Amino acid sequence: MAMNRADLHTHTTASDGMRTPTDVVRLAKKAGLAAVAITDHDTVAGVAEALQTGQQLGIEVVPGVEISTSEDGKDIHVLGYFTDLHDKRWLERLATLREGRESRNERIVGMLQGLGIEIAIDDVYKAAGKKAEAESVGRPHIAEALLRKGVVGSISEAFDRYIGAGKPAFVSIPKVSPFEAIDWIREAGGTSVIAHPGLYGADPLIEALIRHGADGIEVYHSDHSEEDEERYLKLAHAHGMIITGGSDYHGERNDVSYHGGIGNRTVDIGVIRQLKARQGKRG
Ligand code: AMP
Ligand code: ZN
Ligand code: FE
Ligand code: FE
């Protein structure tokens, strides 16, 4: 069993995951994990509930977030752990990112309408089960709306035909740069980790982010190959970076699990101590 193991990357219904924060923590406990991090896209709205459930069940919950950033037209995700959840400037910065998502989502819907598809933004919010302002809505919810309308037969078809990068209704979120996101996380008292570097094809950028002060690299991820893991393990060692890993669990949407199952990528819980030890100074 997964004794002393931590899955440091999961999503909940606070963003585009299918399970509530409570259920994600329950599933982590059931999988035998000693710790699980909640890392929703551009929001910490799921963290408080998860922390509470963690206490009840006796499993450590690590407060996290996954910031959507962009550099050279590429989507780059930056994980932030142990940020101050009461820091007003930090919460406002995350709120700005979610507002950017909202206008992006509306533009995507407009482009889909331009392609002759009958869809309204309310269909997307309905598919997202929306919820609170502090929760973030994304393309998986748009895909879900297209699926419910019968426009596509699967979530992946929605990405492949319409809303994936480079497809006819693709619009990227107006984002911060990954350099700024690293600064934000440090200024919020947290520890920054470059998420799934193997998915970008941008290793020079990864090295620039390391020089800029990223604290860690997500070496182990559901979509990383063995070669990716070896390459980034070496890079992390060479620069004295914290080595993290996680499943990127989102639950199942339309019977398909995107990324991986909870606990399918883990690190030793000792890594959590390293994340705490590197926490940034606020100000
Ligand atoms: P967004 O952040 O709103 O641009 O949406 C991006 C998210 O969509 C990613 O973080 C993934 O979780 C998800 N995603 C990307 N491609 C697919 C796919 N083919 N099927 C299901 N989910 C996807
Ligand atoms: Zn996601
Ligand atoms: Fe990601
Ligand atoms: Fe993720």
Exercise. Please calculate how many Å² of accessible area the stretch 87-205 carries per residue, with a 1.4 Å probe and no DNA, RNA or ligand atoms counted.
Key: 42
Quiz item: Assigning unit charges at the beta carbon (Lys, Arg +1; Asp, Glu -1) and nothing else, what dipole magnitude in debye, to the nearest 20, does the chain show about its Cα centre?
Solution: 520
Quiz prompt | Distance histogram in 10 Å bins (all Cα pairs of the stretch 219-283, percent per bin) | solution = 20, 40, 29, 10, 1
Exercise. Roll a 1.4 angstrom probe over the protein heavy atoms and tell me the percent of accessible area of the stretch 34-177 that is carbon or sulfur.
Key: 48
Self-check item: Evaluated over the chain, the Cα radius of gyration and Dmax, each in Å
Solution: 18.0, 53
Quiz item: Which of Thr43, Thr53, Thr13 moves most in a GNM of the chain, Cα contacts under 10 Å?
Solution: Thr53
Quiz prompt | Cut-off under 5 Å, modelled amide H: who pairs with Ile242 long-range | solution = Gly216, Ile217
Quiz prompt | Listed residues Arg139, Arg93, Arg148, most fluctuating in the chain (Gaussian network, C-alpha, under 10 Å) | solution = Arg148
Quiz item: For the chain, modelled as a Gaussian network with Cα springs under 10 Å, which listed residue fluctuates most, Ser103, Ser136, Ser192?
Solution: Ser103
Quiz item: Gain in length, Asp160 to Ala120, computed as 0.36 nm per residue apart minus the alpha-carbon separation, to one decimal in nm?
Solution: 12.4 nm
Practice problem: Take the alpha carbon atoms of the stretch 146-175, find their center, do the same for the stretch 204-233, and report the distance between the two centers in whole angstrom. | Solution: 28
Practice problem: Can you send over the carbon and sulfur percentage of the accessible area for the stretch 182-239, probe radius 1.4 Å, protein chains only? | Solution: 49
Self-check item: Amide hydrogen neighbours beyond the local backbone of Asp16, cut-off 5 Å, H modeled
Solution: His41
Quiz item: How far is helix 178-187 tilted off the main Cα axis of the chain, in degrees rounded to 10, range 0 to 90?
Solution: 50
Quiz item: Can you give the direction-averaged projected area of the convex hull of the alpha-carbon atoms in the stretch 176-268, in nm²?
Solution: 6.9
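The values are calculated or read from the model by the stated rules, or taken from the named source; none is laboratory data. As the structure is a computational prediction, the values presented were derived from the model and not from experiment. Virtual Cβ from ideal backbone geometry, glycine too; neighbours counted across all protein chains shown. Note: areas computed on protein heavy atoms with side chains; ligands, DNA, RNA excluded. Shrake-Rupley method; radii C 1.70, N 1.55, O 1.52, S 1.80 Å.
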